[in-house]
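This report refers to the structure that appears directly beneath it.
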């Protein structure tokens, strides 16, 4: 048992580069029962998520992709409903209209329907992405 450990995705921009972080939060091993190594188990789970995703030969499972696309659409709608967030996004789009930085790091709803599990698997492959691991 991981005592309620969580893995949280965080998407942000660093200049014109999009950065996806997966943050593992877990109980310090000092507070685990029976001297369990919660940290090691959490890191193993995180590595499995990154290096051995649950995929088919056609890419990520269609049901999983559909669910995540729906959640992303809801997040994008929520951002548009937040006046401050919307104003900041529009300002960035206008100020950087000829630069990749203008794009929302979460994408846009208009492009979401065209994405499928095979494209996502290719985009997330080690050949296409740089992987860095920080442990604190």
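The values are calculated or read from the model by the stated rules, or taken from the named source; none is laboratory data. Remember, predicted model here, so these are calculated numbers, not experimental data. So basically every Cβ, Gly included, is an ideal-geometry build from the backbone, and we count neighbours across all protein chains shown.
Output the number of residues of the stretch 37-78 satisfying the condition of being part of a loop (DSSP other than H, G, I, E, B), within 23 Å of residue 106 (Cα to Cα) and in contact (Cβ under 8 Å) with a residue 60 or more places away in the chain. Steps first, answer last, please.
Filtering the stretch 37-78 down to residues part of a loop (DSSP other than H, G, I, E, B) leaves 37, 52-54, 57-58, 61.
Next cut, within 23 Å of residue 106 (Cα to Cα) only: 53-54, 61.
Applying the additional criterion that residues be in contact (Cβ under 8 Å) with a residue 60 or more places away in the chain yields 53.
Selection size over the stretch 37-78: 1.
Taking first residues from the stretch 1-12 that are more than 18 Å from residue 29 (Cβ to Cβ) and partners that are modelled with pLDDT under 90 and part of a loop (DSSP other than H, G, I, E, B), the Cβ contacts under 8 Å between residues at least 6 apart in sequence or on separate chains come to 11/105; 11/106; 12/105. Residue count for the stretch 11-30 under the criterion of being loosely packed, with under 10 Cβ neighbours inside 10 Å and either modelled with pLDDT of 85 or more or closer than 18 Å to residue 134 by Cβ (or both): the result is 3. Restricting the search to the stretch 87-136, which residues are assigned to a helix (DSSP H, G or I), touching a strand residue (DSSP E or B) at 6+ places or on another chain (Cβ under 8 Å) and within 17 Å of residue 17 (Cα to Cα)? Within the stretch 87-136, 101 is the sole residue that qualifies.
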